[in-house]
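Have a look at the structure below before the remarks.
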Amino acid sequence: MPSKRAAVLLLAMVGAACGGGDEADQAATAIAQSGDASLELPVVEQDAQADSVERDNDVQLTRETFSYSGGTRDPFASLFNLALAGPEIQDLELVGIYLDPDHPGNSVAVLRERTTGRPHKLRAGDQLGRARVTQIRRTDIVFTIEDFGFERQETIALPKREEGTP
């Protein structure tokens, strides 16, 4: 008998969950209290079922949207900004150095971009894209380049003179 009682209770709960309303709840409670499995659940009218379908249609679904503004960074944006990057060290050619031995801060290095021919006159401490001029020596210039929080140094030397060139 307990298995029939459990089956009737389960059926009553399913009916209540599907929109049977208060009538199904009352019938399930009556069956559970009486212990008589021969009682049958009342048939739910079509109007009550139609009301439950209308209530289900009134539910509004909202979608979650994301926007990347404020303090967080867009994970799909490039970490490398080409507009602010400037020329690469490999694209620069050291044309000349005007060295002031008495005042090293007055020394000037003249570089030219190989691709565009654009000249750059730099002093110690000047920034060219990601590269900063660290030191200007007699035959070369030393850059400190910052890549994503790491610093490295690169040197560009004057081209060697060929013999017979004045």
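With only Lys, Arg, Asp and Glu charged, each at its Cβ (+1 for the first two, -1 for the last two), find how big the charge dipole of the stretch 82-166 is about the Cα centre; round to the nearest 20 debye.
160
Taking the mean number of other Cβ atoms within 10 Å as a proxy for protection, how do you rank 150-162, 127-139 from highest to lowest?
Most protected by this proxy first, the peptides run 127-139, 150-162.
Once the Cα gyration tensor of the stretch 124-166 is diagonalised, what are the square roots of 5 times its eigenvalues, in whole Å and ordered largest first, as equivalent ellipsoid semi-axes?
The answer is 27, 10, 8 Å, longest axis first.
Calculate, in nm to one decimal, what E163 and T72 gain on full extension: separation in residues at 0.36 nm each, minus their alpha carbon distance.
Here the answer is 26.9 nm.
Determine the gain in length on full extension of the stretch E151-I89; use 0.36 nm per residue of separation and subtract their C-alpha separation, reporting nm with one decimal.
20.9 nm
Using the basic label-point model (7 angstrom from Cα toward the beta carbon), what is the D100 to L128 distance in nanometres?
My value for the distance between the label points is 1.9 nm.
Using 0.36 nm per residue of separation minus the Cα-Cα distance, give me the extension gain between T62 and R114 in nm, one decimal.
Extending this stretch completely gives an extra 13.1 nm.
Values quoted throughout were computed directly from the atomic coordinates according to the rules given, and no laboratory measurement underlies them. In this text, all values refer to a predicted model and were calculated from it rather than measured experimentally. So basically every Cβ, Gly included, is an ideal-geometry build from the backbone, and we count neighbours across all protein chains shown.
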